[in-house]
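Worksheet: the structure to be examined is printed underneath.
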Amino acid sequence: MGLVSLSLNAKTWQISPNDDLQQQLDNAKDGDIIVLSAGNYLGNFVVKHQITLRGEEGVIIDAQGDGHGLELINKNITIDNLSIKNWGSDLTEQHSGIYANTESTGLVIKNNTLAGDGFGLWFYKASELKVFGNTISGNTSLRSADRGNGIQLSNVQKAHVYGNETFKVRDGIYVINSRNNIIEKNTMHDLRYGIHYMYSYDNSVLYNEAYNTRAGYALMSSRRLTIIGNKTRDSEDYGFLLNFITQSTFENNHIKNVWTKPENKVLGRDGKGLFVYNSGYNTIAGNVVDTAEIGIHLTAGSEKAKVYGNSFINNPIQVKYVVNRKEEWSHEGKGNYWSNYLGWDMDSDNIGDVVFEPNDGIDKLVWQYPEMKMLMDSPAVIILRWIQRQFPVLKPPGVKDSFPLMRQPQLEDIQKTAVSPQQAITAD
């Protein structure tokens, strides 16, 4: 152990694997910087003071299969450039690579690499938190349900979580009972849910990317979310799952390839690009849903939504929506782009001259009785569809786009009316 520099307020200490790291952490004063030299540091370490703990290249903290790698029990702590591995797997005890379970402010967790069985980063009752540049991986020898989440925010406010990568954990980023946070430009893959929200308000989810998941984004029981510019591809069940989401903005997101694997196929299990359940009073605009078994599925009272400027491309079923009244999916003379729209545009204003109705009564019968699929091309079904077209009074209520777009809108077309990220809450 050596003292590198000294100032009136703080010291910088150089620690080697031969030194007692926990003793040095206990003896440190607020403002000190502890720099770890390359090598293995075995054990579970507790940071009690407002310090910076930084690793040189080749530093490994090995928790030896139990407990937390690091436990933080103060505010204004910075953890920088550490490799942490082999912490415990007991999810009930919340075993984590880095664990902060106290009411703390000003934590900075950056540029760390974590690999283990339990939770990667766990934060409870923290505020003004910054988490960026970290890579977190789980253990695929465990069942998905037995792994921890990559980053867990519980009762957290004013956090900025950005530029992290999480994979092979349960959920990439899990947010519960938290407010005024930004989740931005993270990459999540090979897990259950990329980003998972529960009971959280006034949060922003911006420009993240998820792939190889069951659901790219599972957002539940939350309100006033700003969800802009996110991507998801190659998910099995849902691109985005919105469950009891209200008063939220869902714009300029891109969903690609949502398809249930053949070996997992059962009756009623279809890949849904956007699944909206019991969610109302939202804006859904400028999104692209490309190659999903069902483009968008709304159910259980998901009404009073503004739906416009979206692109539904190459989805065998574009819309699945059982509703008791007509739902207009356009806004101020602007509808959506449908790759299967067969109407025309005689005045060349990029708006189709024929109203687009993606579903009819036959579709609704098939949703109720999936066995009917084998009759879809039968003469009886063809005649029933013709009768509905000729006698609209017989047509049941459903989705109507009065101003379908003739070409797929570009991003700049939507940004004119979209909520900008600058309007989202910042954590700076």
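A few comments on the model shown:
- Accessible surface, region 126-264, averaged per residue in Å² (probe 1.4 Å): 35 Å²
- Estimated FRET transfer efficiency (Glu263, Lys29; beta-carbon r; R0 45 Å; 0.05): 0.15
- Rounded to the nearest 20 debye, dipole of region 138-210 from Cβ charges on Lys, Arg, Asp, Glu: 180 debye
- Summarising the amide proton neighbourhood of Thr78: residues at separation of 5 or more, or on other chains, whose placed amide H is nearer than 5 Å comprise Ile51, Thr52, Leu53, Val108.
- Whole-Hz Karplus values for region 270-286 come out as 10, x, 10, x, 9, 10, 10, 10, 6, 10, x, 6, 10, 10, 10, 9, x Hz, taken residue by residue from phi with 6.51 cos²θ - 1.76 cosθ + 1.60 and θ = phi - 60°; glycine and proline positions read x.
- Electrostatic tally near Gly229: other residues with Cβ closer than 12 Å to its Cβ, Lys and Arg +1, Asp and Glu -1, net -1.
- With every protein chain in place, region 83-177: carbon and sulfur % of accessible area (1.4 Å): 40 percent
- Spatial extent of region 103-224: Rg and Dmax, with the Cα atoms as the point set, Å: 12.8, 38
- The chymotrypsin sites (Phe, Trp or Tyr not before Pro) found in region 114-188 include none that occupy coil by DSSP while having at most 14 further C-beta atoms within 10 Å.
- Rg then Dmax, both in Å and based on the Cα atoms of region 171-211: 10.0, 28.
- Accessible area per residue (1.4 Å probe, heavy atoms of protein chains only) ranks Asp30, Asp345 as Asp30, Asp345, with the largest value leading.
The values are calculated or read from the model by the stated rules, or taken from the named source; none is laboratory data. This one's a predicted model, so the numbers in the text were calculated from it and none came from an experiment. Cβ atoms come from the backbone with ideal geometry, glycine included; neighbour counts cover every protein chain shown. Only protein heavy atoms, including side chains, enter the accessible area calculation; ligands, DNA and RNA are left aside. Shrake-Rupley method; radii C 1.70, N 1.55, O 1.52, S 1.80 Å.
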